[in-house]
Structure formats: C-alpha cells, structure tokens
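These notes are about the structure you will find just below.
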Amino acid sequence: MKRFVQFIAGAICPECKSKDTIAINPSDDVIYCVKCDFTEKRPEAKDLKKKSEIKVVNLQDFKKNRDKN
C-alpha cells in the first residue's frame, strides 16, 4: 500500500517563509518544504518533551528583582 505525503496545515517554512508548504515523508520522517530546499529530521518525542517544560517563577521574587533594576 502506498503512503501519501502528509502536509502540516498552517506550518510556515523557516527558510522561504511560505505557508502550507511543509510536508512529512512518512517513510523516513523527514520534514521538507515543497517550494524550497529546506529539509529537517522530524523531532523525536523526547526532544519535544524537553522544550515544553514549564519553568516556575515566584512572583514576589520577580517583582523584587524587577524593582531593583
């Protein structure tokens, strides 16, 4: 069975800045732009988890540091 290319709706190419031109090749998980030469390996789940960690900031400490400057 042939697998089709999956486009990412609303995605903007980081190189040519075109909208809706980013696709994923399902056979090797390569992300690419159909308008320019941009290619990138699809991030793995563990990479995405690190980027989405929430940093907790104490509001009182933030205000104290802000008022010092």
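Every number here is computed from the coordinates shown, using simple stated rules; none is lab data. What you see is a predicted model; the values in this text were computed from it and never measured. Counting neighbours? That spans all protein chains shown, and the Cβs are built from the backbone with ideal geometry, glycine included.
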Practice task
List, in order, the whole-Hz ³J(HN,Hα) value for each residue of segment 30-35 obtained from phi through the Karplus relation with A = 6.51, B = -1.76, C = 1.60 and θ = phi - 60°; use x for Gly and Pro.
Solution key: 9, 8, 8, 9, 7, 9
Practice task
Net charge near THR39: determine it from the other residues with C-beta under 13 Å of the C-beta of THR39, scoring Lys and Arg +1 and Asp and Glu -1.
Solution key: -2
